[in-house]
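Each reported figure results from applying straightforward, stated rules to the coordinates on display, with no laboratory input. If you're wondering where the values come from, they're calculated on a predicted model, not measured in any experiment. As a convention, Cβ positions derive from the backbone with ideal geometry for all residues, glycine included, and neighbour counts pool all protein chains shown.
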Amino acid sequence: MPTSFQKDDYVFYESGGICQILDIQQAPLEGMPADREYYVMRSIHDKSGMIYVPKDNENIFIRQLLNENGAESVFDEVSQVVPIVEENGKLLRAKYLEAMQKHEPMEWVRIIKTAYHRKNEFPDRVQRLSEGERDLVARAKNFLYTELSLALNVSEREIAERMEETLLATLS
């Protein structure tokens, strides 16, 4: 885990999603080893609690968010993303979970694009997206749209609209 994050940085943390680093402190709570520094973070989507992550823990996944150029490249690369093809619902869910565990924006795009294509390929079909699939797609959208919104300094709604237009172009 890189130790170069600073106070006020936004990061993606595996257990908390997109978080802002509010502070960096030595043992912020009683009972924590006094010789360790911790990132004190709060999730953007769940402001109910604080998250304390040791700066030196290499077993924790935490990464810097995309910058403006990286965010623009996400939109540029949507057409190249190959949707997941899987008819079996359980296997599809497993592939979604595997993609989510990579904690990467292009994997979130892959999930969103897969669901978008499944939904629009046969708009009148009886089988709709399962509740589990809808939940995973919602999480992917939540993470992706927040990250792109922060990088491009626009609302998540604008990001969602732009992604919808970009995905619509891939159907043609």
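So the values come out like this:
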read-out	value
Zone of Glu164's modelled label, taken as backbone nitrogen in region 102-116 under 19 Å from a point 7 Å along Cα→Cβ	109-116
Shape of region 33-79, Cα gyration tensor, a/c cut at 1.5	prolate
Net charge dipole size for region 37-97 [Lys, Arg +1 and Asp, Glu -1 on Cβ; Debye, nearest 20]	360
Separation between Cα centres of region 83-108 and region 1-79, rounded to whole Å	24
Highest average packing first - 85-93, 134-142, Cβ atoms within 10 Å	134-142, 85-93
Partner lysines for Lys141 [C-alpha distance under 25 Å; skip if fewer than 8 residues away on the same chain]	Lys47, Lys90, Lys95, Lys102, Lys113, Lys119
Acute angle (nearest 10 degrees) that the helix 89-100 long axis makes with the longest principal axis of the chain, alpha-carbon atoms	40
Fully extended contour minus Cα-Cα distance, from Ala34 to Asp56, at 0.36 nm per residue	6.6 nm
Value at 222 nm in deg cm²/dmol, rounded to 500, when DSSP H runs of n ≥ 4 in the chain each add -39,500 (n - 2.57)	-14500 deg cm²/dmol
Computed magnitude of the charge dipole of the chain (debye, nearest 20; Cβ of K, R +1, Cβ of D, E -1)	540
Cα-based Kirkwood hydrodynamic radius, the chain, one decimal, Å	17.5
Overall dimensions of region 10-64 by Cα: Rg and Dmax, Å	10.7, 31
Most mobile listed residue (Ser155, Ser48, Ser73) in the chain, GNM with C-alpha springs under 10 Å	Ser48
Charge dipole of region 10-64 about the Cα centre (unit charges at C-beta), most positive-ward option of Gly49, Ala27, Tyr39	Gly49
